[in-house]
Amino acid sequence: MAQFSGCPGSRMVDFREKSEPTKEEATGKIQSQLRQWPIQLHLISPTASYYQGADVLLTADCVGYALGGFHPDFLKGKSLAIACPKLDEGQDIYQEKIKSWIDDAKINTLTVLIMQVPCCMGLLNLAQQAAREAKRKVPIKYVVAGIQGEILKEEWA
Amino acid sequence: MEAYLNRSIKEVIKEFPPVEKILDEYGIGCGPCAVGLCLLKDIVSIHNLPAEEEREMMGRIAQVIHPGQEIQIPRTERKAEAQPKELKYSPPMKKLVDEHVLIKKWLALIPEILPALNLESEEDRQLIRDGVDFIRSYADRFHHAKEEEILFKYFDEDLDMVKVMGEDHKTARNHVKAIVDAVERKDRETVAQHLTAYRELLSQHIKREDEIMLPWMDQHLSVSQVGEMFSKFLEVEERMDSYQKKYEDFISRLEREYRKKGVNHGSIQRLPGLQDG
């Protein structure tokens, strides 16, 4: 088979055969942990009440579909924004909004949750750049999810 | 075996001395600990050895306790599988580790200062007073206060590890008090004795914190608690704004002076985590 040479973020992978039910599969209705609207980074106001002093989760769009335990494991107790560092336009506005979270909303922490594909690192870079430009300092954690829902990395930036 | 896992390390080692050497071989240096209240099972859990190494170590300990018997070894509780030994701290823990570096530079200077120390000279008495000021202001009021008044509050005060660290701080303060009394009496021997004991105590204490306690605490803090602690540390730093620069300058000045005197700074490099310069 010829080796794939295109963008790793667009590479086709079929893992249907591996997706057998496991003992961890949820059997009941899973409670949503979302506690705000809107969530898209262009639509949110960084100074909205639910961001004030909050633990904020900034997640790449695809993460919510890849991680089976997204709501209980990552979203619970946090305020959310989503974005795609590859496809979204106006990312300078994203940077300003992240800076405003830190300086104006005085968020407690920022967790950046991205996929393993290389382009997703852009979201972490954006957050780190905004944090460097902000007057306040906050701890930034980043988590990298694999395309089959596994956690590949979780550390403080 | 289960019963021994629930006993303090001091009791286990007292009854079975070879256990100390076995633990030491796996990087668990609890033998010389002055307090020794931690339970064997907690010690094994906190060090989070790779599963294979833990099984092997526990097997050897079981053979010391129950020689020749086939023993079922219970697996200790752990939050996550052990990772390779590269330590990554959360931002507030990283601040504590960075502050340790300055304290270790002071500890490394002590053996350079002591041989020529002459307490008949006002200059040398002032040097010791300045060293005591560094210990009391930077190491204790600034750094240990962050640990005792902020970090430890996130954990059960009866946790053995927290008690041990708190005891070390108290012992260190007693050494400092003895140094202060002795320097005014020009009692060189007592100053040297307590400064050396302080150095040994703090060197071990910092090593335990950097390698064991802080990583373990990091694993047990939520993201929200890390953020809260980071803010509280920043408040302390703002309140004591001048401390970091003042005491960095003090240590740099001493290092320059002792370099000029041709003192070999090998001992500085021997303390873990210190780079020369």
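What follows draws every value from the coordinates through simple rules; no lab data is involved. This is a predicted model, so every value here is computed, not measured. Counting neighbours? That spans all protein chains shown, and the Cβs are built from the backbone with ideal geometry, glycine included.
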Handout entry: Charge dipole (chain B, unit charges on Cβ, about Cα centre) - positive-most of B:Y4, B:V176, B:V44
Key = B:V176
Completion exercise
From the cross-link list A:K76/A:K97; B:K105/B:K146; A:K137/B:K246; B:K94/B:K232; B:K146/B:K232, the entries with a Cα-Cα span beyond 18 Å are A:K76/A:K97; B:K105/B:K146; A:K137/B:K246
Exercise for the section: Would you mind computing, in nm to one decimal, how far apart the modelled labels at A:L34 and B:R256 are, each placed 7 Å from Cα along Cα→Cβ? Expected result: 6.1 nm
Problem - Within the stretch A:90-105, backbone nitrogen closer than 16 Å to the virtual label 7 Å beyond the Cα of A:T47 toward Cβ - result: A:96-105
Practice task
For the protein assembly as shown, build the charge dipole from Cβ charges (+1 Lys, Arg; -1 Asp, Glu) around the Cα centre, then report which of A:L152, A:L113, B:H220 sits farthest towards its positive end.
Solution key: A:L113
Handout entry: Cβ neighbours within 10 Å from other chains - mean over B:219-231
Key = 5
Handout entry: Electrostatic dipole magnitude of the stretch A:31-156 [Cβ: Lys, Arg +1; Asp, Glu -1; Cα centre; debye, to 20]
Key = 360 debye
Exercise for the section: Work out the FRET efficiency for A:R136 and B:Q72 from their Cβ-Cβ distance, taking R0 = 35 Å, and round it to the nearest 0.05. Expected result: 0.05
Exercise for the section: Return the aspartates and glutamates within reach of B:K21: Cα separation strictly under 17 angstrom, same-chain partners fewer than 8 residues apart disregarded; answer none if there are no such residues. Expected result: B:E11, B:E53, B:E54, B:E56
Practice task
Quickly work out the A:I151-to-B:E15 label distance, labels modelled 7 Å from Cα along the C-beta direction, and quote it in nm with one decimal.
Solution key: 3.8 nm
Completion exercise
Note on the stretch B:2-65: alpha-carbon gyration tensor, axes a ≥ b ≥ c; rule is a/c under 1.5 for rounded, else prolate if a/b larger than b/c, else oblate; result rounded
Handout entry: Residue with peak Gaussian network fluctuation, chain A [Cα springs, cutoff 10 Å], from A:E17, A:E133, A:E96
Key = A:E17
Problem - Set of aspartates and glutamates near A:K99 by C-alpha distance (under 14 Å), chain-local residues within fewer than 8 positions excluded - result: A:E133
Exercise for the section: Could you compute the FRET efficiency for B:E148 and B:V180, with r as their C-beta to C-beta distance and R0 at 22 Å, rounded to 0.05? Expected result: 0.60
Practice task
Any lysines with Cα under 16 Å of the A:K78 Cα? List them, leaving off those in the same chain fewer than 8 positions away.
Solution key: A:K106, A:K141
Exercise for the section: Between B:R129 and B:D241, with labels modelled 7 Å along Cα→Cβ, what's the label distance in nm to one decimal, could you check? Expected result: 2.8 nm
Problem - Compactness index (Cα Rg / 2.2 N^0.38 Å), the stretch B:91-270 - result: 1.08
Exercise for the section: With r as the distance between the Cβ atoms of B:T190 and B:S222 and R0 = 60 Å, compute the FRET efficiency 1/(1 + (r/R0)^6) and round to 0.05. Expected result: 0.80
Completion exercise
Measuring from its Cα centre, chain B shows a charge dipole (+1 at each Lys and Arg Cβ, -1 at each Asp and Glu Cβ) which, in debye to the nearest 20, is 500 debye
Practice task
Tell me what chain A gives for mean residue ellipticity at 222 nm when only DSSP H runs of n ≥ 4 count, each as -39,500 (n - 2.57), the sum divided by the residue total, rounded to 500 deg cm²/dmol.
Solution key: -5500 deg cm²/dmol
